[in-house]
Amino acid sequence: MCRMARPRKPLLSRDRIVGAAGALVDSEGLDAVSTRRLAAELGVSGPSLYNHFRNKDEILDAVADTVSAKVDLSMFDPADGRDWRTALHDYAVSYRAALTEHPNIVPVLARGPGRRPAGLRVADAVFGAMVRAGWPPAQATYIGALMRYFITGSALGSFASGFVDDETAYDPADYPHLGQAHLLAERRQKVDEGAFETGLRALVDGLALQYAQLGTVRPAPNRP
């Protein structure tokens with residue numbers, strides 16, 4: 001009995017296309033992605049990609065959604081037990097960690113979830129948890145937006161790496177308070193993570209003050 005020969009290359013699939021596109025975005029940035037480049041990377045003809053995606057934007061949306069899928073949402077499960085403040089904090093840390101691994105896709109994520117399933121699950125989880133905690137729906141919407149602004153904004157660039165490591169660039173005659181600025185670049189991770197945590201705690205503490213003023217809900221719990 002004759003057996004059919006196996007294809008020399010794996011069959012083209014959405015997952016293969018997204019994987020190749022994600023690798024290109026990570027290594028070379030958004031501008032490196034084109035249907036022609038992806039077809040060459042995958043060893044297929046360009047038109048074959050259109051059996052799975054209509055255009056480049058759909059491919060980038062799918063890449064972005066793989067990053068959203070990495071965000072831990074367990075803290076928003078009603079059975080989890082974390083209060084809303086701790087949940088927001090832990091969610092933000094998880095989201096930023098996912099973006100830190102794939103910084104080049106952040107501009108796509110910053111546009112919002114659109115029709116992306118994983119992105120919509122993130123938005124749904126945050127909104128649902130805030131409403132269950134006693135926030136009015138409008139305020140819950142504002143909180144979801146605020147968290148996305150803060151998290152994606154923090155991942156769009158590094159404050160610390162914005163300074164050069166040349167001590168002579170910061171003449172004390174011109175910049176009397178930047179005598180140590182040349183050290184920031186080499187301490188990038190510590191500075192950027194410290195700034196994120198400081199801002200996140202200030203944000204959540206500020207929300208807790210508003211929460212306590214609602215009058216129809218429980219007093220805010222202790223900070224995480």
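Excluding residue 115 itself, what net charge comes from residues whose Cβ is under 14 Å from its Cβ, given Lys and Arg +1 and Asp and Glu -1?
Numbers: positive: 54, 111, 116, 121; negative: 57, 58, 61, 65, 124.
That sum, taken over residues with Cβ under 14 Å, equals -1.
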Phi angles of the stretch 62-70, converted by Karplus (6.51 cos²θ - 1.76 cosθ + 1.60, θ = phi - 60°) into ³J(HN,Hα) in whole Hz with x for Gly and Pro, give 5, 4, 4, 5, 5, 6, 4, 5, 7
Residue by residue through the stretch 166-171, the couplings from Karplus 6.51 cos²θ - 1.76 cosθ + 1.60 with θ = phi - 60°, in Hz, x for Gly and Pro, are 9, 4, 6, 6, 10, 4
Scan of the chain for trypsin sites (Lys or Arg not before Pro) in DSSP loops with at most 16 other beta-carbon atoms within 10 Å gives a longest site-free stretch of 116-224
Contour minus Cα-Cα span, residue 37 to residue 77, at 0.36 nm per residue, comes to 10.3 nm
Within the stretch 138-176, DSSP-loop chymotrypsin sites (Phe, Trp or Tyr not before Pro) with at most 14 other C-beta atoms within 10 Å are 159
Rounded to the nearest 10 degrees, the helix 14-28 long axis (Cα) sits at an angle to the longest Cα principal axis of the chain of 60
Note to self: Kirkwood Rh of the stretch 111-192, Cα pairs, one decimal, Å, is 15.8
Options [x] 0.99; [y] 0.93; [z] 1.10 are given for Rg/Rh (Cα atoms, Kirkwood Rh), and the computed one is [z]
One finds the C-alpha centres of the stretch 31-89 and the stretch 142-173 to be spaced, in Å, by 25
Phi angles of the stretch 101-113, converted by Karplus (6.51 cos²θ - 1.76 cosθ + 1.60, θ = phi - 60°) into ³J(HN,Hα) in whole Hz with x for Gly and Pro, give 6, 9, x, 6, 8, 4, x, 6, 5, 5, 6, x, x
Kirkwood Rh over alpha-carbon pairs of the stretch 65-143 plugged into Stokes-Einstein at 10 °C, 1.306 mPa s gives a D in µm²/s of 123
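What does the accessible area per residue of the chain come to in Å², with a 1.4 Å probe and no ligands, DNA or RNA counted? Display every interim value, and only then the final one.
Working: 13460 Å² over 224 residues.
I get 60 Å² per residue for the chain.
The values are calculated or read from the model by the stated rules, or taken from the named source; none is laboratory data. The structure presented is a predicted model; accordingly, all values stated were derived computationally and were not measured. Here Cβ is always computed from backbone atoms with ideal geometry, including for glycine, and neighbour counts include all displayed protein chains. Ligands, DNA and RNA are stripped out before the accessible areas are found, and what is left, the full protein with its side chains, is counted by its heavy atoms. Shrake-Rupley method; radii C 1.70, N 1.55, O 1.52, S 1.80 Å.
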